[in-house]
Amino acid sequence: MDDDKKFVIELRWDPTLGEWVMVSNVRSARPWQPTSFCPFCPGNEETGYGWRALILENRFPMLMELPPEPSTHRFYKTAKSYGKCYVVVETPEHSIDDLSDLSIDQISYVINLIGEKQREESEKRHAQYFLWFRNKGREIGVSLTHPHSQIYVTPFIPIRVLRELNNAERYWHENKRCLFCDIIDIEKEDKIRVLLENEFWVSFMPFYAHWPFEVHIYPKRHVQLLTQLTSKEIEQLAQILKYSLCGLKNLFSKPMPYIMVLHQAPLKGDHIFYHLHIEIYGMLREEGKLKYAAGMETGGGNFTYDSIPEYNAIRIKEKIEKCLNH
Ligand SMILES: [Zn+2]
Ligand SMILES: [Zn+2]
Ligand SMILES: [Zn+2]
């Protein structure tokens, strides 16, 4: 076997930015499948029948429970890729377009299922973080259209979450308050960027939005982990998620491509200064025009916003109202 073909799955440390890169060539071994084949439909080898939603192991993971020894290097640091990668199949129905097209009851079911998986994973020694995320749209490279999301259980804290944790901890010590609770209060006072609110949750476009149609969803209760939510809170999360996504979907003639991610506290340790939330990045800036993370964003790390969040918030809010009255 050629040296460059050998099986490699490891973490590589970037000493310049102080962050891990997950390296794996498992994916390049992906077998060819006819384009009509859907691995998430009922009745396949892994899926079977008689389910409402499923969590499957990703067959081409970036992380493994028992990873092989990482490579050694005379200068650079590597580590074992401990962890898990899962696919959450959100419905047996292939032709449903988006999470927002599922019933509130079904979305609650999916969130509960993810919560159960989190409970199980948090017992594991190397599990530091449980990242639930959802990529939607061919525009951003999603080839399997069957409604699904993903979970990465990582042996490190993802870098964006780490930045939030550090800022929230500093704020907590300086002000004796939660940064996120204060943001919720300010957004509710300003009103203009608030999109939807129910008994337990509020969704808004943040003052400091990075992506053109960015939506954040916060629980009103100061809570750190998905597994701390009550069943009533989960039900209402399903409601606010459904209608916030529905608003995004109906902004333009084609459904909005987006990335959604759950930010919560790490699985180990005490992070009382943190506040769970969901971030959704709607990636079209106008009809047919995708916002790219290009030179300034990827190369420099700072976003440019080509409108103002207050104006875009009003545009989503109008669509959400239509969804609610539908
Ligand atoms: Zn399918
Ligand atoms: Zn809080
Ligand atoms: Zn966040």
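Helix screen, the chain: DSSP H segments with Cα axial length of 15 Å or more and mean Kyte-Doolittle hydropathy at least 0.0 are 179-190.
Binning the alpha carbon pair distances of the chain at 10 angstrom intervals from zero yields the distribution 5, 23, 34, 27, 9, 1, 0, expressed in whole percent.
Dipole magnitude for the chain: about 340 debye, using +1 per Lys or Arg Cβ and -1 per Asp or Glu Cβ, origin at the Cα centre.
Put in line by how crowded their Cβ is, counting other Cβ atoms within 10 Å and starting with the fewest, 246, 323 read 323, 246. With Cα atoms defining each centre, segment 15-92 and segment 112-158 are spaced 10 Å apart in the structure. Only one residue of 15, 251, 292 has its Cα farthest out toward the positive end of the dipole of the chain, where Lys and Arg carry +1 and Asp and Glu -1 on Cβ, and that residue is 15.
For a straight C-alpha distance cut-off of 16 angstrom, the aspartates and glutamates reachable from residue 254 (same-chain residues fewer than eight places away being disregarded) are 97, 98, 101, 139, 286, 287.
For segment 56-200, just say rounded, prolate or oblate: build the C-alpha gyration tensor, square-root its eigenvalues into a ≥ b ≥ c, call rounded for a/c under 1.5, and beyond that prolate if a/b exceeds b/c, oblate if not. Cα axes put segment 56-200 in the oblate bin. The charge dipole of segment 60-101, taken about the Cα centre with unit charges on the Cβ atoms of Lys, Arg (+1) and Asp, Glu (-1), comes to about 720 debye, rounded to the nearest 20. The calculated FRET efficiency for residue 304 paired with residue 38, based on their beta-carbon distance and R0 = 22 Å, is about 0.05. Taking a straight Cα-Cα cut-off under 16 Å and skipping sequence neighbours fewer than 8 places away in the same chain, the lysines within cross-link reach of residue 242 are 136, 232, 317, 319, 322. Within straight-line reach of residue 77, meaning a Cα separation under 19 Å, sit the following aspartates and glutamates at least 8 residues removed in sequence or on another chain: 10, 14, 19, 69. Each of residue 221 and residue 21 was given a label point 7 Å from its Cα along the Cα-to-Cβ line. The distance between the two points is 4.2 nm. The distance between label points at residue 286 and residue 97 comes to 2.2 nm (points 7 Å beyond Cα on the Cα→Cβ vector). Subtracting the Cα-Cα distance of residue 74 and residue 186 from their residue separation scaled by 0.36 nm leaves 35.2 nm.
Laboratory data are not the source of any read-out in this text; all were calculated from the coordinates shown. Note that the coordinates shown come from a computational prediction; the quantities given were computed from them, not determined experimentally. Neighbour counts run over all protein chains shown; Cβ positions are idealised from the backbone, glycine included.
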